[in-house]
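> Below is a structure I'd like to ask you about.
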Amino acid sequence: MCGIVGYIGNKQAQPILLQGLRRLEYRGYDSAGLALWHDQCISRVRAVGKIERLAKKLKDQEIPGSMGIAHTRWATHGGVTEQNAHPHMALQGTLMLAHNGIIENYREIREKLGKDVSLTSETDSEVLAHLIGTHYNGDLRHAVMAALKHVRGTYGLVVMHVDHPDCIIGARMGSPLVVGVGEEEYFIASDATPILPYTKRVVYLDDGEIVELTREGIQTFTLADEVITKCVEEIEWDDEQAQKQGFDHFMLKEIHDQPQVFEDAIRGRLDMEEGTAHLGGLNMTEEEMRRVNRIILIACGTASYAGMVGKYAFERLSGIPTEVDVASEFRYRDPIIDENTLVFAISQSGETADTLAAIREAKRKGAFVRGIVNVVGSTIARETDGGTYIHAGPELAVASTKAYTNMVAVLLLYALQFGRSRRMTIATGQRFVRALQEIPQKMQMILDRKDTIFAIAEKYKDIPSCFFLGRGVNYVVALEGSLKLKEITYIHSEAYPGGEMKHGPIALLSPTFPVFAVMTKNQLYEKMRSNVEEIRARKAPLILVVTDGDDSAKEFTDDIMYVPPTMELLEPLLNTISLQLLAYYMAVSLDRDVDRPRNLAKSVTVE
Ligand code: F6R
């Protein structure tokens with residue numbers, strides 16, 4: 001949550017910071033602000049609302065200066081007000097701080113600061129700014145270090161002081177920070193997106209590290225003031241990838257990215273000859289792999305639905321009992337874990353606080369813990385003892401789409417790899433590999449049918465409520481379709497396994513209560529057809545996802561989204577795309593803010 005960006009160099013900082021904030025807006029957009037050093041003073045401007053509100057304010061009062069820090073906020077402490085927006089100041093406006101994370105002991109610190117310090121906001125961050133202020137005696141880095149010794153909680157922070165026109169201090173504990181290394185200019189941000197237009201060379205800070213940025217270079221330290229040598233890494237994502245590329249919204253672009261990024265996820269990982277997959281990042285010996293007798297998949301939201309597809313795949317292909325746990329529940333339920341348990345943490349951002357806490361718990365209990373993560377260098381990627389990047393590229397729309405399909409892709413590859421090392425025959429493995437290779441082209445076929453989905457969306461956009469149904473892996477498709485619809489249209493919806501309707505939910509059905517049902521041709525087709533008959537009998541409007549060539553579906557309804565056939569375990573990779581498009585077009589018709597739905601943030605770094 002929240003985004004930080006800082007710049008020091010020879011260019012005007014304001015446009016760079018503003019552009020950086022726009023690129024970070026997906027991390028939070030309650031309010032924003034920036035502070036710039038110029039003419040022996042620091043000027044600060046803040047605004048409530050989206051970045052454009054700040055930009056508008058700055059049009060009337062452009063601030064010069066080639067060093068500054070900026071922040072976009074997703075409120076955790078205190079309401080959405082200008083006073084609570086960052087940067088926060090201390091020492092009569094000579095020290096500025098922007099902070100992500102939560103200072104757990106801020107009340108205690110507040111008390112220690114005493115009555116001499118008066119606060120202007122309700123935030124924990126302002127308390128931190130004053131704490132640094134009390135330790136300041138001319139040396140900014142040491143003041144930050146000294147203050148952080150008293151802090152419990154999480155932070156990614158940047159600080160500047162009027163006496164130091166050539167210095168920004170950054171520090172990280174539990175909230176990510178990346179430093180961009182340009183030509184006589186340096187950047188610091190919560191992730192690489194604001195840095196990409198200027199440089200691809202970055203340094204990822206680790207927890208407990210402090211960085212000093214000057215125009216001459218950067219230097220990293222531990223909290224105990226020991227110098228650390230960090231590697232400069234090259235980012236693979238290019239700037240264009242992070243743009244909308246002509247689509248109206250990031251979400252639509254990201255839905256359309258799926259055939260390509262799916263190929264990226266499987267590239268070089270399939271072995272047709274052996275009918276298997278090779279995922280080097282597992283970092284386990286053959287013997288360790290054989291020892292695994294339980295798999296636990298931990299994640300939140302959409303990522304946990306990807307995990308549910310993984311459960312079906314692991315159990316069916318490898319026979320290893322597999323559980324899916326919502327990360328926020330996992331750590332409190334005292335899960336049974338031992339050294340033969342393999343835990344996968346699944347996360348797009350790699351920063352989700354609940355997932356991070358869950359992996360720490362699993363590690364404490366001695367499990368193998370591996371990551372299935374999108375954002376390279378993210379905390380979960382670094383805190384797991386191996387794992388696999390899903391290669392979905394930057395996902396900027398708040399509602400996850402391409403990251404979901406690529407999480408499913410990687411889980412299927414792992415299930416194949418474990419399956420082949422256990423009970424799966426080479427012939428079945430080869431069929432599976434072939435089916436995976438056909439997926440990108442089939443995804444494209446669905447994208448090419450978007451006009452039909454658009455028409456269905458237009459027809460149903462005004463519904464107040466609906467159900468999504470499916471069976472087997474398509475129950476997961478229903479869950480994900482329902483979540484997407486809720487998130488971006490604000491229409492109430494629930495997902496059920498088809499067989500559950502008669503145990504209660506069917507009571508809600510009426511001619512004004514639509515049901516979206518996934519009824520593709522697989523081993524549960526006949527069962528699902530019976531469930532669909534039950535719905536038809538209650539005269540509820542029906543919208544079906546069915547396999548190409550299934551003309552009998554027309555007996556039920558004219559509202560049909562056809563999908564190409566594939567192996568049952570791979571169906572979520574295709575069927576979900578129809579429901580992503582459905583949610584997208586309904587949201588657009590309702591004039592919703594598709595990429596930034598209300599109350600949501602892309603990266604949930606608080607518990
Ligand atoms: C839904 C969505 C969320 C995330 C969840 C986990 O569209 O995006 O449910 O899936 O917050 O986030 P990550 O994958 O970053 O751990």
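We did not get these values from a lab; they are worked out from the coordinates using the rules stated. Bear in mind that the values here come from a model prediction, so they are computed numbers and not experimental data. No Cβ is skipped: glycine too gets one built from the backbone with ideal geometry, and neighbour counts run over all protein chains shown.
> Roughly how many whole Å is it from the C-alpha centroid of the range 572-602 to that of the range 413-438?
For the range 572-602 versus the range 413-438, the Cα centre distance is 32 Å.
> Still on this structure, I have one more. Would you mind getting me the FRET efficiency between LYS365 and ASN599? Use the beta-carbon distance for r and R0 = 35 Å, nearest 0.05.
Numbers: r = 34 Å, r/R0 = 0.97.
After rounding to 0.05, the efficiency reads 0.55.
> Can you sort TYR414, TYR155 from fewest to most other Cβ atoms within 10 Å of each residue's own Cβ?
Working: TYR414 27, TYR155 22.
In increasing order of surrounding Cβ atoms, one gets TYR155, TYR414.
> To the nearest 20 debye, what charge dipole does the range 250-442 have about its Cα centre, counting +1 at the Cβ of each Lys and Arg and -1 at the Cβ of each Asp and Glu? Mind dumping the intermediate values first?
Working: 23 positive and 24 negative charges, 66 e Å.
Once rounded to the nearest 20, the dipole reads 320 debye.
> Would you please classify the overall shape of the range 1-136 from the alpha carbon gyration tensor, given that a ≥ b ≥ c denote the square roots of the eigenvalues, rounded means a/c under 1.5, and beyond that prolate means a/b larger than b/c while oblate covers the rest? Mind showing how you got there, number by number?
Working: a/c = 2.02, a/b = 1.37, b/c = 1.48.
Oblate.
> Continuing with the same structure: Could you list ARG215, ARG141 so that the one with the fewest beta carbons within 10 Å of its beta carbon is first and the one with the most is last? List each step's numbers first, then the result.
Details: ARG215 15, ARG141 18.
If I rank by nearby Cβ atoms, fewest first, I get ARG215, ARG141.
> Another question, if that's okay. Taking other Cβ within 10 Å of each residue's Cβ, how do ASP264, ASP238 sort, fewest first? The partial results should precede the final answer.
Numbers: ASP264 17, ASP238 12.
By the 10 Å Cβ count, ascending, the order reads ASP238, ASP264.
> Please work out the Cα center distance from the range 314-341 to the range 439-464, rounded to the nearest Å.
After rounding, the separation between the Cα centres reads 35 Å.
> Which percent of Cα pairs goes in each bin when the distances of the range 154-241 are cut into 10 angstrom slices starting at zero?
In order of increasing distance, the bins hold 18, 52, 27, 3 percent.
> Name the aspartates and glutamates eligible as straight-distance cross-link partners of LYS554: C-alpha to C-alpha under 18 Å, and not fewer than 8 places from it in the same chain.
GLU526, GLU533, GLU534
> Follow-up. Pick out, from ALA357, MET567, ALA367, the residue whose Cα sits farthest towards the positive end of the charge dipole of the chain, with +1 on the Cβ of Lys and Arg and -1 on the Cβ of Asp and Glu.
The one lying farthest along the dipole's positive direction is MET567.
> Still on this model: Quick check: Cα centre of the range 122-160 to Cα centre of the range 13-57, how many Å?
21 Å
> Classify the range 450-589 as rounded, prolate or oblate from the Cα gyration tensor: take a ≥ b ≥ c as the square roots of its eigenvalues, call it rounded if a/c is under 1.5, otherwise prolate when a/b beats b/c and oblate if not. Write down the numbers at each step before the final one.
Numbers: a/c = 1.36, a/b = 1.08, b/c = 1.26.
Rounded, since a/c falls under 1.5.
> For the chain, I need the span (max minus min coordinate) of the C-alpha atoms along each principal axis, in Å, sorted largest to smallest.
77, 56, 43 Å, listed from the longest principal axis down.
> Hey, another quick one. Looking at this model, which pairs from LYS244/LYS486; LYS253/LYS486; LYS311/LYS602; LYS59/LYS461 are more than 31 angstrom apart at the alpha-carbon?
Numbers: LYS244/LYS486 23 Å; LYS253/LYS486 20 Å; LYS311/LYS602 25 Å; LYS59/LYS461 38 Å.
Among LYS244/LYS486; LYS253/LYS486; LYS311/LYS602; LYS59/LYS461, the Cα-Cα distance tops 31 Å for LYS59/LYS461.
> Between ARG333 and LEU508, what is the FRET efficiency for a Förster distance of 30 Å, r being their Cβ-Cβ separation, to the nearest 0.05?
Working: r = 31 Å, r/R0 = 1.03.
With R0 = 30 Å, the Cβ-Cβ based efficiency is 0.45.
> Out of the trypsin sites (Lys or Arg not before Pro) in the range 90-128, which ones are loop residues according to DSSP with at most 15 other C-beta atoms within 10 Å? Don't skip to the end; give the middle numbers.
On the way: sites: ARG107, ARG110, LYS112, LYS115; in loops: LYS115.
Of the trypsin sites (Lys or Arg not before Pro), the ones in loops of the range 90-128 whose Cβ has at most 15 other Cβ atoms within 10 Å are LYS115.
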